[in-house]
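Undergrad: Take this structure first; my questions come after.
The values are calculated or read from the model by the stated rules, or taken from the named source; none is laboratory data. The shown structure was predicted, so the numbers you read here are calculated from the model rather than taken from an experiment. Cβ placement follows ideal geometry from the backbone for every residue including glycine, while neighbour counts extend to all protein chains displayed. Areas reflect the complete protein model, heavy atoms only, side chains present, ligands, DNA and RNA absent. Shrake-Rupley method; radii C 1.70, N 1.55, O 1.52, S 1.80 Å.
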Amino acid sequence: MPVKQISVFLENKCGRLADVTRAIGNHGINIRAFSIADTADFGILRLIVNRPEDAYDVLRKEGFTVSLTDVIAVQIPDRPGGLADILTLMQEAGVNIEYMYAFVEKVSQDALAVFRVENPKIAIKLLEEKGLKIFSEEEVYNL
Amino acid sequence: MTLYWNEKCECMPRSELRALQEERLRNTVSRVYYEVPFYRRALQERGLGPNDIQTLEDLVKLPFTTKNDLRDNYPYGLFAVPLSEVVRLHASSGTTGKPTVVGYTRQDLDVWAEVMARALTCCGATKQSMIHNAYGYGLFTGGLGVHYGAERIGASVIPVSGGHTKRQIMIMKDFGSTILTCTPSYALYLAEVMEEMGISKDDLKLKGGLFGAEPFSLKMRDQIERRLGLMALDIYGLSEIIGPGVAVECPVKDGLHIWEDHFLAEIIDPETGEQLPPGTYGELVITTLTKQALPLIRYRTRDITMIQPGDCPCGRTHQKIARFVGRTDDMLVIRGVNVFPSQIEEVLLRINQTEPHYLIIVERRGQLDELEVWVEVSEHVFTDAVRGLEHLEGQIRREIEEVLGISVKVKLVEPKTIERSEGKAKRVIDRRQL
Ligand SMILES: [Zn+2]
């Protein structure tokens, strides 16, 4: 089951990242994972939070350009080559990875990573068939 | 089905049309030379007599007429007939100072009714039509212009004029209006009020309409057509020349036929005054060919368009001017190229699918002008992948460059970055020290 990610458009100027995190923090929303992709002119902040719909509303009201995207949260086995195996698996199955990033906190021994792929449902089916743990929304938001 | 009002004139072979224009141009020049002291002096200053203008090529020898010339000669200084011959006066609302006064002889009104009949026929009006004319009646030329054209056709006119929108909708419904004429913004307002009243376009019998006197974007056209269920055509005119009916779209909806047997059109570079070839944007300049009371020579409309090359599939032979891209007052000259904010806006509208917020910044680096366009990223176009936004940036850049023919830098910015003042944003910042 996919997880909701918040994406926020940011110009590359001072303080915007702080503005976003403060805005959601003020509403008691916690960040579970994040990444920033940027170019010379602009950036995209991606967030996994415990209350994505609320975060979406808050940021929109603050005047940010925001979108909700389906991503998958996959448990990466804590052993050498754990991530590489998953990437190979997806590559061989023809699942295109748009981008990925890691969770801030570890779940038990294993790491948790976010994957943005074209078709989350197919990717989830593939990974689960190989015995990998996919985190549900509930699980991720309650980490 | 193609239907003309006056097939002989509207579809006249170009060579015949040209001969007619030259004959009428000679008459007009002679008339203003002998009847209007302002023009006699202007021609004499150039060493020209009435016989020096014989062909269309001689037109460039003639001086321009501007709106200021009309103001300076307020109210009747440019009239070419005694007031006893004038049967109607109209005036354009001057935003500053005195209005511009225009007069018509009986024959002028006849010509006006003729060109308006042609225009109304374009949008499907016939003797059977019920024409709902919501242009203002009065000093403004819109209301009476449509009115006389509609009567010329023999249609039934409802001279409803502006205002009382709910009553207008009731009238449209009860009287069975088939043709609507008003400004495009009023058409959209009618649609809005109709929806509030729970009246659907299917409750009305509207089939066609002429919408003008205001800038009219393609998006507005789509909305008017969809919400009112009619074919919406653009109509152009200005009171100095005659009023509405100078040019009109045909059902092909690709440019406005300018009635060249009465109005001689040129496109000039507004900076240099040089004539520009078809296909190049510039200022529309019109010489009246049949006006009696107020003939005007090379009148600078300050409206920016181009002559569209090529023939129209509708069969009318009169040249077409493109949809207007702006006023000379809005024009920017960047690296020698004329740029209008509306050209950029149209590209953004197409890509953004919503009202774009943008800012045009012109700077001079060394000897070179640089054009930068800031575009606020709306949710319609925002994607979570960098590639998507880079693609958007590139698409905007390429399409603007294609339209303008000069290079441009595009910058995506956050919403509300661009200052809004009283609902309307400031579109251009020119930082060049010219
Ligand atoms: Zn046509």
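Undergrad: Just to be sure I understand, how many residues within region B:305-342 are open to solvent by 20 Å² or more (accessible area, probe 1.4 Å), small (Gly, Ala, Ser) and more than 16 Å from the ligand (Cβ to nearest atom)?
TA: Selection size over region B:305-342: 2.
Undergrad: Tell me, please, whether a residue that is more than 27 Å from B:Leu70 (Cα to Cα), assigned by TED's automatic domain parsing to the domain that holds B:Met220 and within 16 Å of the ligand (Cβ to nearest atom) can be found in region B:262-284.
TA: For region B:262-284, residues more than 27 Å from B:Leu70 (Cα to Cα), assigned by TED's automatic domain parsing to the domain that holds B:Met220 and within 16 Å of the ligand (Cβ to nearest atom): present.
Undergrad: Just give me the residues in region B:3-23 being out of contact with any helix residue (DSSP H, G or I) (no Cβ under 9 Å at 6 or more places or on another chain) and open to solvent by 60 Å² or more (accessible area, probe 1.4 Å), in sequence order.
TA: Listed by number, the residues that qualify are B:Glu7, B:Lys8, B:Pro13, B:Arg14, B:Ser15, B:Glu16, B:Glu23.
Undergrad: Here is a further query. Given B:Glu345, B:Glu363, B:Glu355, which one is more than 16 Å from the ligand (Cβ to nearest atom), open to solvent by 60 Å² or more (accessible area, probe 1.4 Å) and away from chain A (no Cβ under 14 Å)?
TA: It is B:Glu355.
Undergrad: Quick one: B:Asp254 ticks every box in (1) assigned to a loop (DSSP other than H, G, I, E, B); (2) open to solvent by 10 Å² or more (accessible area, probe 1.4 Å); (3) away from the ligand (no atom under 16 Å from the Cβ) bar one, so which box is it?
TA: Evaluating B:Asp254 over (1) assigned to a loop (DSSP other than H, G, I, E, B); (2) open to solvent by 10 Å² or more (accessible area, probe 1.4 Å); (3) away from the ligand (no atom under 16 Å from the Cβ) leaves (3) as the failure.
Undergrad: Based on this model, can you work out whether B:Arg302 counts as among the charged types (D, E, K, R), touching a strand residue (DSSP E or B) at 6+ places or on another chain (Cβ under 7 Å), on the phi > 0 side of the Ramachandran plot and away from the ligand (no atom under 16 Å from the Cβ)?
TA: Criteria met by B:Arg302.
Undergrad: Where in region A:30-143 are there helices (runs of 4 or more DSSP H), lying wholly inside it, with at least 1 residues that are within 20 Å of B:Glu379 (Cα to Cα) and at pLDDT 90 or above?
TA: Filter on region A:30-143 gives A:52-61.
Undergrad: Anything in region B:366-388 that is free of Cβ contacts under 8 Å to residues at least 24 places away in the same chain and away from chain A (no Cβ under 13 Å)? List them, or say none.
TA: Listed by number, the residues that qualify are B:Gly366, B:Gln367.
Undergrad: While we're looking at this one, here's another question. How many residues, within region A:1-26, are within 12 Å of chain B (Cβ to nearest Cβ) and either under 17 Å from the mean Cα position of the chain (by Cα) or aliphatic (A, V, I, L, M) (or both)?
TA: Number of matching residues: 8.
Undergrad: Go through the residues of region B:215-233 one by one and say whether even a single one is under 13 Å from the mean Cα position of the chain (by Cα), among the hydrophobic types (A, V, I, L, M, F, W, C) and away from the ligand (no atom under 15 Å from the Cβ).
TA: Scanning region B:215-233 turns up at least one residue that is under 13 Å from the mean Cα position of the chain (by Cα), among the hydrophobic types (A, V, I, L, M, F, W, C) and away from the ligand (no atom under 15 Å from the Cβ).
Undergrad: Just the residues that are surrounded by fewer than 14 Cβ atoms within 10 Å (Cβ to Cβ) and aliphatic (A, V, I, L, M), please, taken from region B:44-63.
TA: B:Val60
Undergrad: Looking only at region A:27-58, filter to residues that are within 20 Å of B:His391 (Cβ to Cβ) and acidic (Asp, Glu); which one of those is farthest from the other protein chains (Cβ to nearest Cβ)?
TA: In this case the residue turns out to be A:Asp38.
Undergrad: Restrict the check to region A:74-82 and report whether at least one residue is within 14 Å of the chain's Cα centre (by Cα) and within 13 Å of another protein chain (Cβ to nearest Cβ).
TA: No; the residues of region A:74-82 include none that is within 14 Å of the chain's Cα centre (by Cα) and within 13 Å of another protein chain (Cβ to nearest Cβ).
Undergrad: Applying the selection to region A:93-120, what residues are open to solvent by 30 Å² or more (accessible area, probe 1.4 Å) and under 19 Å from A:Ile6 (Cα atoms)?
TA: A:Ile97, A:Glu98, A:Met100, A:Ala102, A:Val104, A:Glu105, A:Arg116, A:Glu118, A:Asn119, listed by residue number.
Undergrad: What are the residue pairs meeting all of these: first residue in region B:391-407, first residue touching a residue at least 60 places away in the same chain (Cβ under 8 Å), second residue assigned to a helix (DSSP H, G or I), Cβ atoms under 8 Å, and 6 or more apart or on different chains?
TA: B:Val403/B:Gln343; B:Val403/B:Ile344; B:Val403/B:Glu346; B:Val403/B:Val347; B:Leu404/B:Gln343; B:Leu404/B:Ile344
Undergrad: Now for a different question. What are the residues in region B:78-122 that are more than 29 Å from B:Val157 (Cα to Cα), touching a residue at least 40 places away in the same chain (Cβ under 8 Å) and of a type in the set (Gly, Ala, Ser), if any?
TA: Scanning region B:78-122 gives a single hit, B:Ala80.
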